[in-house]
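Take a look at the structure below.
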Amino acid sequence: MTREVLAIAVIAFPAAASVLLALLPPAVVTRVALAWALPSGGLALALAARALTDPSHPFTSKWIAVDAAGGLVVGVTGLVGLTSVLFSPAYLATVRHEHRERHYFSVLYAFWSVVLAVPLVGNLGGAWLLIEATTAASALLVGFSGRPRALEAGWKYLILTSVGLGVALLGIVLLAAGIPGGGLGALTWHALGTYGSGRQTAIVAYLLLLAGLAAKIGWAPVHNWLPDAHSEAPAPVSALLSAALLPAVLLVAWRCEHSLAPVVGIHTAQGVLIAFGLASLAVAVPFLWRPLAWKRLLAYSSLEHMGVIAIGIGFGTPLALAGVAVHVIGHAIAKALGFYAATPLLRHEPRAAGHAVTGISHTRPELGATLGISLGFLAGLPPSPLFLSELLIVAGGFQSGRPWAAGASTLLLALGFLGLMHALLETTVGKARRRDGGPVPGLRSLSALTAGSTVLLLVLTGIGIWLPGSDLVKALVTGIV
Amino acid sequence: MSGLLAWVLVGLGVPVLVVRRPSIAVGLVTAQALVLAGYALHEATAGKDALAAVALGARALGLGALFLVVAARTREPRPVRPGMPPLVRAGAAVAFALVLTWLVPTIGLSSRNAERAVLALVAFGIAAAATSRATLFQVIGIVLIENGIAIAALTLPGASSLIEIGIALDLTLIVFVAAFFHERIFAEFGAGDTAALRSLRD
């Protein structure tokens, strides 16, 4: 199977499931949804493996692009989408409304399909359409529970990201006006570098584009929807939002930076990303020090990690991009694990929906272990791959001749690390409240996932040490053009 | 694009910031999109251009009908008060549009009038979404932004009808989802007022 056909199958398979699940009788929906997840995730992982094992030969056409960076994001989206579907029945058991499985799985598959398509699209206009489509599908999922707080979160998400994407579309139109051949359909990643209406206009278009995408990625200062949506969405959806959607949109920003650098100037193109990254870190760190509800803590951690990835892309050296590759995968696995743990956590301690929880290991050791492992990896506690990736990114910053940005990143990362370590200790071995000692459904599968994720993350640390200097990193430096 | 047409399009956008009844605002943005669709049809030189114009017109009528149905189903006892007095909002939006026109250099569209109209409508849309308390008006702000960008897309050389149709479909999808949320918010809080949506804070 060619990469093009495989890419189409990766998108079409979950899309077909979305339609099918909307038509099936409710009694069989969950079984079909669970069964369909394996081939859907498997196809995405197969395409990722093809792209990552042969990174020197990307496939590009007007509408489809399969390269190393896209392979990374498709891989994590396939993996997190698969586990999100498998962990959804545990969430749905806590929801009471009619036809909940049918609505939920149909929209979840539609969302998964569109997120998978974003890193595979070969055209900026097409990428914008897909990102806008992710907003529609994911907003419905954020508000799925129908609780007032979920409606508030869904509404904020819908309006803020739609306005942001409107601004990004204005940037895209400005670019289209200056590209030979004209029209929004001509904006392939390769064609962006041929922009010919002057550097000043190109910079304005680039700023509008990135400011608009920032609203969707959740970069500060346009991140207001992120903690609300991630904390109020169903836990498996929060995992997909944080681990897959944000990196997928970030990849579009990366492709724009790479393609437009010859036009706007590489220093300007990278500087904008570094500025967004540092701003996101600076905004996230104070919140990581505060006692927050579990999912809100994870959401602010997403803000921090999207900032780290932006900084790594902005530095743009082989070391920094090796760090970015490790960071995207490591963050996805550790963050998804943290969100999946939220469903049993809320069963065990309902106050966790709105308050920081403490001492979970005293009352549910296996749940406490999962929370601790997730936070430890996310904080960058060695041997976390995120420790290695952050080290590579900072080293890449010094290598790129930006010592101030690298130094500021180091300071903010250290502060973020301390904040998350404090949260880890409080959550796991802090003072415990009296809790119901009844059974918590889903803990056994969560423990199995924790073990699997831990192994994967440790393997990733090993791969990360070998990664700088590899063909994969060379391909990331070259980009899709 | 002629100066008169650009002024008509911008002129239909300003009152959206002032009126308090959603049905009037819906009429204004629908009329604006229909004028645009008529212009697109007039300028069409190939079948695909005509198709894009028809898609724009269908989007305008479809969204207009949807907004009116939603407004009728969720009739407010009295219009939701905006966050600031209407004339102040309009003044702020016009000032924002002037700043944007001053900041953004020549875009490269077929006329400078079209460029100014694009930037003005984007500014009005952002102002409407940012300063309205009524949920329906926030969505109308997004439609206003997209109407502005539609002007740019129509005056681009060699526009792609596939992408333009896609944009129209995407916007329709977003408005459908927003209408769903508006109805749920209305049912939950008794009004489509974002002032009630203030429980999520750190």
**Under 28 Å from A:LYS295, Cα to Cα: lysines that are on another chain or at least 8 residues apart** = A:LYS156, A:LYS216, A:LYS335, A:LYS431
**Request:** Please find the FRET efficiency linking A:ALA22 to B:ALA195, where r is the Cβ-Cβ separation and R0 is fixed at 35 Å, and quote it to the nearest 0.05.
**Result:** 0.50
**Prompt:** In the neighborhood of A:ILE274, defined by Cβ-to-Cβ distances under 13 Å, what is the net charge if each Lys or Arg adds +1 and each Asp or Glu adds -1?
**Reply:** 0
**Prompt:** Given 20 °C and 1.002 mPa s, how large is the Stokes-Einstein diffusion coefficient of the stretch B:89-168 in µm²/s, with Rh as the Kirkwood radius over Cα pairs?
**Reply:** 163
**Message:** Residue by residue through the stretch A:74-84, what is 3J(HN,Hα) from phi via Karplus (6.51 cos²θ - 1.76 cosθ + 1.60, θ = phi - 60°)? Round to whole Hz and write x for glycine and proline.
**Reply:** 5, x, 5, 5, x, 5, 6, x, 4, 5, 5
**Net length gained if the chain between A:THR53 and A:SER445 were fully extended (0.36 nm per residue, minus Cα distance)** = 138.0 nm
**Qualifying trypsin sites (Lys or Arg not before Pro) in the stretch B:33-96, DSSP loop, other Cβ atoms within 10 Å at most 14** = B:ARG75
**Fill in**
Computed for A with B: buried accessible area summed over both chains, 1.4 Å probe, rounded to 100 Å², at 4000
**Message:** Relative contact order for the stretch B:1-160: what percent, with Cα pairs under 8 Å and sequence separation of 6 or more?
**Reply:** 29
**Request:** Compute, for A:ILE131, the solvent-accessible surface of its heavy atoms (probe 1.4 Å) with the complete set of protein chains present, and express it in square angstrom to the nearest 10.
**Result:** 0
**Message:** With every protein chain left in place and a probe of 1.4 Å, what is the accessible surface of A:MET1, to the nearest 10 Å²?
**Reply:** 140
**Request:** Show the residues, 5+ positions off or on another chain, whose built amide H is closer than 5 Å to the amide H of B:ALA134.
**Result:** B:THR194
**Complete:** Relative contact order as a percentage, chain A, C-alpha pairs under 8 Å and 6+ apart, gives 15
**Request:** Restricting things to alpha carbons, tell me how big the stretch A:273-367 is in terms of Rg and Dmax, in Å.
**Result:** 15.6, 47
**Message:** Can you classify the stretch A:1-100 as rounded, prolate or oblate using the Cα gyration tensor, where a ≥ b ≥ c are the square roots of its eigenvalues, rounded means a/c under 1.5, and otherwise it's prolate if a/b beats b/c and oblate if not?
**Reply:** prolate
**Fill in**
With a Förster distance of 51 angstrom and the Cβ-Cβ distance between B:THR106 and A:ALA12, calculated FRET efficiency to the nearest 0.05 equals 0.75
**Prompt:** So what are the stretch A:146-257's ellipsoid semi-axes, whole angstrom, largest first, if each one is the square root of 5 times an eigenvalue of the alpha-carbon gyration tensor?
**Reply:** 31, 13, 11
**Item:** Approximate spin-label separation A:LEU425-A:LEU458, in nm, with each point projected 7 Å along Cα-to-Cβ
**Value:** 2.5
**Fill in**
Sorted list, accessible surface of protein heavy atoms, 1.4 Å probe, largest first, for B:ARG81, B:ARG133 is B:ARG81, B:ARG133
**Request:** For the stretch B:3-199, just run the numbers: alpha carbon Rg, then divide by 2.2 N^0.38 Å, N being how many residues it has.
**Result:** 1.02
**Request:** Please go through the stretch A:89-132 and write out the GluC sites (Glu not before Pro) that DSSP classes as loop and that have at most 10 other C-beta atoms within 10 Å.
**Result:** A:GLU98
**Prompt:** Ignoring ligands, DNA and RNA, how do A:TRP294, A:TRP63 rank by accessible area with a 1.4 Å probe, largest first?
**Reply:** A:TRP63, A:TRP294
**Neighbour net charge for A:ALA342 - beta-carbon separation under 12 angstrom, K R +1, D E -1** = +2
**Fill in**
Reported to the nearest 10 Å², A:GLU232 has, with a 1.4 Å probe, an accessible area equal to 10
**Of every Cα-Cα pair in the stretch A:362-407, the percent that sits beyond 17 Å** = 50
**Request:** Report in % the part of the accessible area of the protein assembly as shown that belongs to carbon and sulfur, leaving out ligands and nucleic acids; probe 1.4 Å.
**Result:** 69
**Asked** Average partner chain C-beta neighbours within 10 Å, per residue of B:170-177?
**Response** 6
**Rg/Rh ratio calculated on Cα atoms of chain A (Kirkwood radius)** = 0.95
**Prompt:** When the solvent-accessible surface of protein heavy atoms is calculated with a 1.4 angstrom probe, in what order do A:ASP471, A:ASP67 fall, highest first?
**Reply:** A:ASP471, A:ASP67
**Request:** Please compute the Cα-Cα pair-distance distribution of the stretch A:409-452 with 5 Å bins starting at 0, giving whole percents from short to long.
**Result:** 5, 16, 11, 16, 21, 14, 9, 5, 2
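The values are calculated or read from the model by the stated rules, or taken from the named source; none is laboratory data. Model, not experiment: these values are computed from the prediction. Methodologically, a virtual Cβ is constructed for each residue, glycine included, from the backbone with ideal geometry; neighbour enumeration extends over all protein chains shown. The area values use the complete protein model at the heavy-atom level, side chains included, leaving out ligands, DNA and RNA. Shrake-Rupley method; radii C 1.70, N 1.55, O 1.52, S 1.80 Å.
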